[in-house]
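**Student:** Got a structure for you, written out below as structure tokens; questions coming shortly.
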Amino acid sequence: MWERTPAQAQGSETSGDAAALKQARERLEQRTGELIRTLEKAGIPRDAIRAGSLSVRPDYVPSPQRGDDTQPPQVRTQLERPITLTLDDLERLPRVLDALTTAGVDALDGVTYGLKDSDAADDRALAQALQRARAKAKLMAKTLDVDLGDVISVEETTAPSFKPQMMMMRAAPKIAPAVHRSIAAARSTSTPGST
């Protein structure tokens, strides 16, 4: 979630800047509290909601180009507090999205999907990949009329992980990160002319 102070000419020092910054921080904290309460009412356990650290940074406002206009660049301060959610039940997702919209969240960033216990799924995928590699090796050996030799090498590699992002809602949850693996096929040797 984020809030911004009013824009002002870059480099200008105003006494209202500290007050504007305080007001923006108070608005952000109020909205963050409301969001957390709304999510709890939607059935999300408190320990599944995490409010991240407050971040404060300048936000430069693009100025319109009007020929010889020499207006100084405008800058405002943006305050951000990321909210991270972990959902164990995807059936709750529609209620969570409704709660986020109700709380004024208008963007999601970094939504990821994963498994609670990815080790079991990884083990099943590895066993299936090895079975498939053995079947392919047997087929190649039979087609080439050669004996299948011993396995020389087996290698497991990790494929790049692509995480879909929903840009329609920016300031909220991240669901448990996914671990994706790709299993390289086992290589085998054969002796030409053997049966």
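**Student:** Residue by residue, what Karplus-based ³J(HN,Hα) values in Hz, rounded to whole numbers, does segment 77-82 have, using 6.51, -1.76 and 1.60 with θ = phi - 60° and x for Gly and Pro?
**Tutor:** The phi angles translate into 9, 10, 10, 10, 9, x Hz.
**Student:** Could you tell me which residue out of Gln23, Trp2, Thr38 lies farthest along the dipole of segment 2-102 toward its positive end? Charges go on the beta carbon: Lys and Arg +1, Asp and Glu -1, centred on the Cα centre.
**Tutor:** Ranked along the dipole, the leading option is Thr38.
**Student:** Still on this model: Under the 0.36 nm per residue contour assumption, what length would be gained going from the current alpha-carbon distance of Thr102 and Asp122 to full extension?
**Tutor:** Here the segment from Thr102 to Asp122 would lengthen by 3.4 nm.
**Student:** What's the ranking of 23-30, 136-143 by average number of surrounding C-beta atoms within 10 Å, highest first?
**Tutor:** 23-30, 136-143
**Student:** In sequence order, what are the phi-derived ³J(HN,Hα) couplings for segment 25-37 according to the Karplus relation 6.51 cos²θ - 1.76 cosθ + 1.60 with θ = phi - 60°, rounded to whole Hz, with x for glycine and proline?
**Tutor:** 5, 5, 4, 5, 5, 5, 5, 4, x, 4, 5, 4, 4
**Student:** Now for a separate question. Among 148-155, 76-83, how do they line up from the highest to the lowest mean number of other beta-carbon atoms within 10 Å?
**Tutor:** Those peptides, ordered most packed to least, come out 76-83, 148-155.
**Student:** So, one more: Which far-off residues, 5 or more places away or on another chain, put their amide H under 5 Å from the one on Ala107, with H placed in the peptide plane?
**Tutor:** Arg170, Ala171
**Student:** Near Glu26, within a Cβ-to-Cβ distance under 14 Å, what is the net charge of the other residues, with Lys and Arg +1 and Asp and Glu -1?
**Tutor:** Working: positive: Arg4, Lys22, Arg25, Arg27, Arg31, Arg81; negative: Glu3, Glu29, Glu34.
After counting each charged neighbour, the total is +3.
**Student:** Counting Lys and Arg as +1 and Asp and Glu as -1, each charge on the Cβ, what is the dipole of segment 2-102 about the Cα centre in debye, to the nearest 20?
**Tutor:** Numbers: 15 positive and 16 negative charges, 37 e Å.
Here the size comes out at about 180 debye.
**Student:** What length, rounded to one decimal in nm, is gained on full extension from Asp147 through to Glu40, with 0.36 nm per residue of separation minus their alpha-carbon distance?
**Tutor:** Net length gain for the segment: 32.2 nm.
Each reported figure results from applying straightforward, stated rules to the coordinates on display, with no laboratory input. These figures come from a predicted structure and were not determined experimentally. Neighbour counts run over all protein chains shown; Cβ positions are idealised from the backbone, glycine included.
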